[in-house]
1. Can we say B:Y111 is farther than 22 Å from B:K85 by Cα, surrounded by 13 or more Cβ atoms within 10 Å (Cβ to Cβ) and not β-branched (V, I, T)?
2. Out of B:A46, B:A15, report the one residue that is in contact (Cβ under 8 Å) with a residue 24 or more places away in the chain, crowded, with 22+ Cβ neighbours inside 10 Å and not assigned by TED's automatic domain parsing to the domain that holds B:C135.
3. Please enumerate the residues belonging to segment B:153-163 that are open to solvent by 30 Å² or more (accessible area, probe 1.4 Å), more than 9 Å from chain A (Cβ to nearest Cβ) and closer than 13 Å to B:C125 by Cβ.
4. May I ask you to verify whether B:G45 is away from chain A (no Cβ under 14 Å), at positive phi, out of contact with any His (no Cβ under 7 Å at 6 or more places or on another chain) and within 16 Å of ligand 1 (Cβ to nearest atom)?
5. Do you know which residues across segment A:40-74 are within 15 Å of A:M3 (Cα to Cα), within 13 Å of chain B (Cβ to nearest Cβ) and in contact with a helix residue (DSSP H, G or I) (Cβ under 7 Å, 6 or more places away or on another chain)?
6. Would you check if there is a residue in segment B:20-27 being within 16 Å of ligand 1 (Cβ to nearest atom) and in a helix (DSSP H, G or I)?
7. Can you find, within segment A:27-54, the residue that is modelled with the lowest pLDDT among those that are more than 18 Å from A:D13 (Cα to Cα) and part of a helix (DSSP H, G or I)?
Amino acid sequence: MCMDITRIDQIIDDHNAEQSSLIQILLDIQAEHHWLPKQALDRVAEKLDVPMNRIQHITTFYKAFSQVPKGRHQIHVCMGTACHVRGAQRVLDTISDATRIKAGETDAELKFSLETVNCLGCCALGPVMVVDGEYHGNVAPAQAADVLKNYE
Amino acid sequence: MSEFVLQIDGKEVTAREGMTIVEAAKTAGIRIPTLCHHDQLEPYGACRICTVEAEANGRNQLVAACVYPAEKGMVVQTKTEKLAKIRKVLVEQMMAHAPDAPQLLELAEEYGADRDRFDKDPSFCILCGLCVRYCNEVKKKNAIGYIDRGPRREISFIPDVAGKECWDCKECFPLCPTSALQAAYVLTEALATPPEEAAQEAGCAGSCSCSGSCG
Ligand code: SF4
Ligand code: FES
């Protein structure tokens with residue numbers, strides 16, 4: 001996967017290469033690439049003059065960061081109690097079948113990454129799935145696969 | 001710097017401002033057990049084995065003596081039944097991770113801790129942070145750090161840095177109360193060394209498929 005290092009530099013410069021903006025910079029890189037390539041982290045370490053062990057500590061601490069490539073689209077399926085009793089497992093299974101990946105995985109084409117979450121705070125809509133931040137409530141298992149057809 | 005008097009285990013102890021309870025006790029020859037404390041490093045307070053009862057301003061508290069500053073007029077108890085019980089459980093918990101660590105075996109003896117009390121979870125690291133902090137603070141090489149969080153937190157060498165810095169240093173090894181640190185290092189080394197090189201180091205021709213592990 002190629003990465004534009006000048007773009008990384010730009011993100012760093014947007015934050016004036018401030019050490020105190022480390023997490024914000026990492027979040028920006030994560031948002032753009034869907035993960036944190038090592039090259040980018042090396043660059044951040046160098047330009048902000050922060051040691052790599054600190055960057056690793058932070059990037060492995062927060063779930064928002066990924067050390068491995070993620071798909072272009074992030075699917076989250078809620079497995080919280082309310083969604084669970086309304087069939088979240090079947091929703092998850094259909095999505096797994098359609099994308100051929102299990103929760104926590106990313107497909108080889110880097111199209112989708114699939115994660116489960118434990119309550120999105122909108123139990124009345126259950127079962128809920130979220131694709132790239134867009135909420136789909138009351139999804140029947142059959143609908144779940146259809147939703148994914150809208151993403152390329 | 002201003003000096004003041006406090007009481008530790010019934011003894012009058014003179015301490016200087018900025019001293020921790022552990023340091024003040026040491027000047028009076030009173031030993032408080034510690035695991036994650038190191039004179040050259042910033043106070044950290046990870047293991048809690050140094051917990052003492054401290055009474056100041058009419059309040060009796062349990063505090064970590066290695067981080068808690070000594071205060072004027074404070075009354076400290078370092079060896080009570082309550083503390084022995086706390087330390088016993090702490091040792092038992094740490095022993096679930098590192099059952100054979102010499103320092104823990106000693107403490108277990110002292111406090112009657114049962115190393116098999118809790119389910120085994122042999123990570124061999126008690127996360128005292130001595131290695132990480134020594135590398136950061138004293139050597140300033142930052143070759144080792146933490147990864148992940150909560151029960152999954154562990155120490156990890158940064159291979160790029162470790163490859164350059166650690167071979168000639170290894171000063172953190174003797175600091176580790178368990179054998180986790182060396183294990184982590186050996187692992188990093190193995191992962192960071194390409195098989196051909198490892199084979200050469202091991203002295204075999206590298207023509208077999210053993211990746212040098214036979215040497
Ligand atoms: S590896 Fe050893 S020194 Fe480092 S944190 Fe673990 S127990 Fe402490
Ligand atoms: S020695 Fe005080 S918390 Fe570890």
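1. It is false that B:Y111 is farther than 22 Å from B:K85 by Cα, surrounded by 13 or more Cβ atoms within 10 Å (Cβ to Cβ) and not β-branched (V, I, T).
2. Of B:A46, B:A15, the one residue that is in contact (Cβ under 8 Å) with a residue 24 or more places away in the chain, crowded, with 22+ Cβ neighbours inside 10 Å and not assigned by TED's automatic domain parsing to the domain that holds B:C135 is B:A15.
3. B:E154
4. It is true that B:G45 is away from chain A (no Cβ under 14 Å), at positive phi, out of contact with any His (no Cβ under 7 Å at 6 or more places or on another chain) and within 16 Å of ligand 1 (Cβ to nearest atom).
5. A:L41, A:Q67
6. no
7. Among those residues, the one meeting the criterion is A:K38.
A quick yes/no check of all residues on (1) away from every other protein chain (no Cβ under 14 Å); (2) of a type in the set (S, T, N, Q); (3) crowded, with 18+ Cβ neighbours inside 10 Å; (4) within 16 Å of ligand 1 (Cβ to nearest atom):
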residue: B:I8; (1), (2), (3), (4): yes, no, yes, no
residue: B:L35; (1), (2), (3), (4): yes, no, yes, yes
residue: B:E55; (1), (2), (3), (4): yes, no, no, no
residue: B:L62; (1), (2), (3), (4): yes, no, no, no
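The values are calculated or read from the model by the stated rules, or taken from the named source; none is laboratory data. Computed from a predicted model, the values in this text were never measured in an experiment. No Cβ is skipped: glycine too gets one built from the backbone with ideal geometry, and neighbour counts run over all protein chains shown. Remember, those area values only see protein heavy atoms, side chains included, never the ligands or the DNA or RNA. Shrake-Rupley method; radii C 1.70, N 1.55, O 1.52, S 1.80 Å.
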